[in-house]
Amino acid sequence: MNFQTSFPSLRKILVGIHDLGRKMAAGADLSHAFIMLDGSYGGKEIASSLVDEDPNSPKGMEQLKVRKPPRQISIIRHCVNTALLANSAELDLAMGPSRKASSLDGQSRFLPVFRSGSCSEIGPKTYMEDEHICIDNLTDHLGVGADFLSPGAFYGVFDGHGGKDAASFVCNNLLKFVIEDQHFPTSLEKALKSAFVMTDHAFADTRSLDRSSGTTALTALIFGRTMLIANAGDCRAVLGKRGKAIELSRDHKPNCNVEKLRIEELGGIVSDGYLNGQLSVARAIGDWHMKGPKGSTCPLSAEPELQKTTLTDEDEFLVMGCDGLWDVMSSQCAVTIVRRELMDHNDPERCSRELVREALKRNSCDNLTVIVVCFSSDPPPRIDVPKTRVRRSISLEGLHLLKGVLDSNG
């Protein structure tokens, strides 16, 4: 194939560029050349401007008027001068940090507002063994002496089993052990881990409660923009981030690879998905008939896993629920439902009721407890999807909902 005959327009462009370089070497004024380069998108038109017409002639000046570039297009964009391109790159590098800093400043000015709603239903079971706690303002809740630098909040879901004693005890005492810990508030991670273990030991010392009852525990402790999720069991915390579900906890099932390895290393077994053939969770507070002396290591652990998150203005809400919800619904499906409801009425309590109602419709066979925490006083904004040549037949919210349904069915 003959390159020159196959691409005549490209040949003219190359000739024009060569001529432009020769004029630059001679010190000619080439400002008009850059305007011409930007005044046309077709190679043929650019080449004819450079080669066939004299820019200083009346006809050439007329073409300049016709081909005046749009304002939004940079002159540098089509320039073939490598020095100018290099200067442009240096300019971008110089401006880059300032733009990034400006973005970070905007995020640092974001301060969440805590609004929560909850719903708890017995479901098809005979007894209600769940407990939960919602504190939107820690300073008001704790009263005198609670002087925090940032607004604080605390939320918890406790899914009891073998009776309600353990769940009630943890719900009433866990926060107290967090606040009284020597590491609070300088090291929230150490304070939370210690509080879970101390609550477990305190429950073991009780005489009036059934020590063989147990509970999973999922908490969210928030100060300013810092949110710390602590989880021991199979409850789950999911962050709604502009319509996308971000899981902030891991379900502690005995047959989970990480938990199964830990259990077996400590002498336990996993049989048909149950720890030692008895318990369907790998971590819990209580269940002292399955644990050794206080302070000893055993397959059933009360120590939580932690997940620390810095909230931004894209983080819209948090969904916390017991396994009765997640057994029949994916994380993405829950986030899609809550976001749709918030856009409709902006009420987190109604959102939690809707999740419980939907779980019952899907035949959840457990107690149901759901907490929805919003981080803004305003409803989530509508997500604008850029228009493309391919027409969408379903909205972004619809896509998320469809994905959630497929995940739950899978």
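A few points about this structure:
- Pairs meeting the criteria (first residue in the stretch 165-185 and over 24 Å from Asp130 (Cβ atoms), second residue basic (Lys, Arg), beta carbons under 6 Å, at least 6 apart or on different chains) are His183/Lys190.
- Only helices (runs of 4 or more DSSP H) whose full extent lies in the stretch 309-410 are considered here, and the ones with at least 2 residues that are modelled with pLDDT of 95 or more are 323-326, 331-345, 348-361.
- Hey, Leu174 buried (at least 24 other Cβ atoms within 10 Å of the Cβ) and among the aliphatic types (A, V, I, L, M) or not: yes
- Among residues of the stretch 307-328 that are over 18 Å from Met128 (Cα atoms), those with a beta-carbon under 6 Å from a residue that is in a loop (DSSP other than H, G, I, E, B) and polar (S, T, N, Q) at least six positions away or on a different chain give the pairs Val328/Ser364.
- Unmet requirement for Thr309, which otherwise passes all of (1) surrounded by fewer than 16 Cβ atoms within 10 Å (Cβ to Cβ); (2) of a type in the set (S, T, N, Q); (3) touching a Ser or Thr at 6+ places or on another chain (Cβ under 9 Å): (1)
- Criterion: at pLDDT 95 or above and either assigned by TED's automatic domain parsing to the domain that holds Asp366 or surrounded by 13 or more Cβ atoms within 10 Å (Cβ to Cβ) (or both) - qualifying residue of Gly143, Gly152, Gly163: Gly163
- Residues (of a type in the set (A, V, I, L, M) and farther than 18 Å from His201 by Cβ) located in the stretch 175-191: Leu188
- Selected residue (criterion: nearest to Val178 (Cα to Cα)) from residues of the stretch 193-213 that are free of Cβ contacts under 8 Å to residues at least 60 places away in the same chain and in a helix (DSSP H, G or I): Ala195
- Across the stretch 267-294, the number of residues qualifying as among the small types (Gly, Ala, Ser) and either assigned by TED's automatic domain parsing to the domain that holds Ala232 or without any contact (Cβ under 8 Å) to a residue 24 or more places away in the chain (or both) comes to 4.
The values are calculated or read from the model by the stated rules, or taken from the named source; none is laboratory data. Predicted, not measured: the structure shown is a model, and the values here were computed from it. Heads up, the Cβs are rebuilt from the backbone with ideal geometry, glycines too, and the neighbour counts pull from every protein chain shown.
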